[in-house]
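The values are calculated or read from the model by the stated rules, or taken from the named source; none is laboratory data. What you see is a predicted model; the values in this text were computed from it and never measured. We place every Cβ from the backbone using ideal geometry, glycine too, and count neighbours over all the protein chains shown.
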Amino acid sequence: MPPKPKDIAEKVAVLKGKDAEDRVLAYLKKMNRPFGAVDVCANLKGAVPKATTQKILMALAEKGEVTQKAYGKSTFFVAKQEQLEDMPAEKIKSLEAEQKLIEEEIKIIEADVKAAAAELSKIQRMPTDAELGSQIEQAESSVTKAMRHLEPLRAGTPLISPSELTQLDTDWMKWRAEWTARRKVFKSLWDLVTDSLPPQDSADLAEDLGIEVDSTEHTNIEQGPLCSLKRK
């Protein structure tokens, strides 16, 4: 068996004759805005069929009770403005005062919404609980690692033994001498090869061959205390 619908639409009583005409006219006066026959029928929930609504609107227009306006292929009907009840001045003032109060309330609500939106944006930029947990774990890991590095210093343990320091000095002197000697050999050969070339051609040739000479940093190290210090 097919499933039964959960909601059963409530049947609307269909109006006829004078009742239907009064209902359509009352609706137009109440809403006081243009409507087409389809809209009126839909807004009355089918109480007046579409075809009947069209006939009633046309009849009301012929009797001068509503105004009929055609826009292209569409026809709209609106209640005669002169037939609408005039609103007393006190009622108008009361409505205007109510409107001002509502406008003030809207301003307050808009300010509250703006503040709430700013607070929400601030909260959304903050890390979540999971992200905070991960950040705390990373911080604790970094602290533990730093503490392990500090333990030898706090205990007064030398970070490098005298023998290791001596070996470093020996290696430094060895490889610095090698660097200096190779630089001298290259300079001699390069001067011999480029002796007949103008300085600019010599520089272009070095660039084409990818030759790199000592930079300012190398010169500063060579002239600094690291190289000028006499080592035992």
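Some observations on this one:
- Within region 188-230, the set of residues being part of a loop (DSSP other than H, G, I, E, B), surrounded by 10 or more Cβ atoms within 10 Å (Cβ to Cβ) and either modelled with pLDDT of 85 or more or acidic (Asp, Glu) (or both) comprises 194, 197, 211, 214.
- Test: residue in region 81-102 that is at pLDDT below 85 and among the basic types (Lys, Arg): yes
Yes/no per residue for (1) surrounded by 11 or more Cβ atoms within 10 Å (Cβ to Cβ); (2) in contact with a Leu (Cβ under 7 Å, 6 or more places away or on another chain); (3) on the phi < 0 side of the Ramachandran plot; (4) touching a residue at least 40 places away in the same chain (Cβ under 8 Å):
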position: 41; (1), (2), (3), (4): yes, no, yes, no
position: 67; (1), (2), (3), (4): yes, no, yes, no
position: 73; (1), (2), (3), (4): no, no, yes, no
position: 79; (1), (2), (3), (4): yes, yes, yes, yes
position: 98; (1), (2), (3), (4): no, no, yes, no
position: 112; (1), (2), (3), (4): no, no, yes, no
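- Matching residues in region 43-65 - criterion: being exposed (fewer than 12 other Cβ atoms within 10 Å of the Cβ), without any contact (Cβ under 8 Å) to a residue 12 or more places away in the chain and within 24 Å of residue 82 (Cβ to Cβ): 62, 63
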